[in-house]
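Remarks on the structure that follows.
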Amino acid sequence: MIGDWLAVFAFLAAGTITPGANTAVSTVLGVNYGVRGALPFILGVTLGFAAAYAVTAAGLAAVLNAHPALRVSLLLAGTAYMVWLAWKIANTRVLVQKEAHASIGVSAGLLNCLLNAKIWMLALTAIAQTPHNTPAWHAAVLAGFAFNGLITNLVWAWIGAQLREWLAVGARLAWFNRAMALALVGVALWLALKGWPA
């Protein structure tokens, strides 16, 4: 059973470390507010990872497959939310003091996760590939999913914080935030198209 869990954990690690909506926002928050300022958002993301897996394990996958309109609604809401976050990021042009609190906090991280098609696809795949359908197994995978979300977003926020001084010169921050916002819109549209029912 440990070998199976390690395989699922590795799959989730690969899925969460890759760039996406959560990691893009964590990076931008790291640049603009430092790792400490990004922590509320990252906590929300971690809770979102756990909630997405728990709801999926409880049967959401079957509901979404049975009701394509609900799936489309989730995709559209997620895409709209990510585009709104991108707009907010694109319009940030000044570095704030690291001690300042980001306006994108726990609820934004949670919502970003719950409206993020990539998170749901990871959870659905983990459920579909599960070799064990026991409460202990699902609790272990849920913990691994949340842990991966926490660690990978901390890493991306740290990377952003390391870029802070370089981005403080001239208009680099404005261009960086615009590029990250564009990437976030691209990810949102790609996920919406990929998740659209056939």
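Things to note:
- From the list A139, A171, A179, the lone residue that is within 16 Å of A57 (Cβ to Cβ) and among the aliphatic types (A, V, I, L, M) is A139.
- Contact map, segment 54-82: residues that are on the phi < 0 side of the Ramachandran plot paired with residues that are assigned to a helix (DSSP H, G or I) and charged (D, E, K, R), Cβ distance under 8 Å, separation 6+ or inter-chain. Pairs shown: L64/R71; N65/R71.
- Residues in segment 25-38 that are surrounded by fewer than 24 Cβ atoms within 10 Å (Cβ to Cβ) and aliphatic (A, V, I, L, M): V35 only.
- Scanning segment 138-197 for residues that are surrounded by 20 or more Cβ atoms within 10 Å (Cβ to Cβ), modelled with pLDDT of 90 or more and of a type in the set (A, V, I, L, M, F, W, C) turns up A146, W156, A157, A161.
- Residue ranges of helices (runs of 4 or more DSSP H) in segment 1-116 with at least 1 members at pLDDT below 75: 2-17, 61-66, 68-90
The values are calculated or read from the model by the stated rules, or taken from the named source; none is laboratory data. Please read all numbers here as calculations on a predicted model, not as lab measurements. We place every Cβ from the backbone using ideal geometry, glycine too, and count neighbours over all the protein chains shown.
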